[in-house]
Amino acid sequence: MSVKDFQSKASYAGMALLMALTGIVSLLLVIPVENAGLEAFENPDSMSNIILFVFLMLVFTAVLLILIKWKAKIVITAIIALSLMAVVFYVALSLLSLVYFGIPLYIVSGLISLAAILLLWFHPEWYVINFIGIIVCAGCASIFGVSLSVIPVIVLLVFLMIYDYISVRKSKHMLTLADGVLRQKMPIMFIVPKDRGYSFKKSGLNLEAKKDDRGAFMIGMGDMIMPSILVVSAQVYAGGSNVISVLGVSLPALGAFFGGILGLCLLMIPLSTGKPQPGLPWINGFAIAGFLICCAVSGSWDWLTLNFW
């Protein structure tokens, strides 16, 4: 095996590790998020939650695309920074609520989120981006995972599989969005270097460059968040004392966890061509399949009963 092939395989392994860490941290955040009362929706079974989720996602995407077209770099950076700050704030708030420092938790959480964004702003290296990215992705996955029961999550994941395919292969507006955000050096994606000397701060990452000219691989944070939402939802709504569990994690949640990682690993095959690939059809598809297989094994089907509206 050549050094180049070894480095590529190491980078692929790095992406799988990032997904695994996101899933693990999102599960660890379940109890703090529930204790802090950070559920996003009142009725986790309602399909109207998915309609609202998709609407806000499409509006956010449209706004960013318009700003990229207008080359409003400062506004783009501000929107991304505020979005990341909000998630870090709520993650910090949920964790700090487990203890008491004698200082208002909102102030401490605000300072932590501000410090995270300043670190990204002044030192946007790939390892800083990935570290904060894990916190942001796990926080989003945990909040939405405890807020949405299994069927709405599966409906959401299937919709996003179709949307991701269209936005990458057909309209290609997701590539425009990714490239525009990358230029701000405060991306909403993970960066996995191909070699140890790579610096995102110095070199950036050009999606239009040839495969061999790119210094790193990139994978969107959404590709990490979505399967982890199913992992958390499966743990909360398809778990229980009567369901097989391993180290406190229910078998359906483990199925979604390992299914998502398997989907990511298989995604590496078309990804190795150097052409941008829609990740969610692979990742979400295998996460759902892993979840359903483990539900069949454990006999966990209580989640099928819900109030749609």
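The values are calculated or read from the model by the stated rules, or taken from the named source; none is laboratory data. Nothing here was measured: the structure is a model prediction, and the numbers come from that model. All Cβ positions, glycine included, derive from the backbone under ideal geometry; neighbour counts span all protein chains shown. Side chains are part of the model used for accessible areas, which takes the heavy atoms of the whole protein and leaves out ligands, DNA and RNA. Shrake-Rupley method; radii C 1.70, N 1.55, O 1.52, S 1.80 Å.
Numbers at a glance
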read-out	value
Karplus 3J(HN,Hα) series, Hz, for the range 223-230 with 6.51 cos²θ - 1.76 cosθ + 1.60 (x for Gly, Pro)	5, 8, 5, 4, x, 5, 4, 5
Per-residue HN-Hα couplings for the range 279-286 [Karplus 6.51, -1.76, 1.60; θ = phi - 60°; Hz; x = Gly/Pro]	x, 5, x, 6, 5, 5, x, 6
Rel. contact order, % - alpha carbon contacts under 8 angstrom, at least six apart, the range 69-143	38
Carbon and sulfur %, accessible surface of the chain computed with the full protein complex present, 1.4 Å	70
Prolate/oblate/rounded label for the range 128-278 (Cα gyration tensor, a/c 1.5)	prolate
Part-to-part distance (alpha-carbon centres) for the range 155-171 and the range 245-301, which is given in Å	17
³J(HN,Hα) computed for each position of the range 162-178 - Karplus, 6.51 cos²θ - 1.76 cosθ + 1.60, integer Hz, glycine/proline x	5, 4, 5, 4, 5, 6, 9, 8, 9, 6, 6, 6, 5, 5, 4, 5, 4
Relative contact order computed over the chain (Cα-Cα under 8 Å; 6+ residues apart), in percent	24
Only Lys, Arg (+1) and Asp, Glu (-1) charged, at Cβ; the chain dipole about Cα centre in debye	1320
Top of Trp282, Trp70, Trp121 by mean-square fluctuation, Gaussian network on the chain, Cα under 10 Å	Trp70
Listed residues Val108, Phe144, Met189: farthest to the positive end of the dipole of the range 98-196 (Cβ charges)	Met189
GNM top mover of Leu56, Leu120, Leu182 - the chain, alpha-carbon springs below 10 Å	Leu56
In the range 24-82, the GluC sites (Glu not before Pro) that fall in loop regions by DSSP, at most 12 other Cβ within 10 Å	Glu42
Candidates Gly222, Gly197, Gly145, ranked by Gaussian network fluctuation over the chain, Cα under 10 Å, top entry	Gly197
Selection of trypsin sites (Lys or Arg not before Pro), the range 34-133, meeting DSSP coil and at most 16 other Cβ within 10 Å	Lys71
Per residue accessible area in Å² of the chain, where ligands, DNA and RNA are left out and the probe is 1.4 Å	48
Amide H within-cut-off set for Ala216, under 5 Å, with H built and near neighbours excluded	Lys194
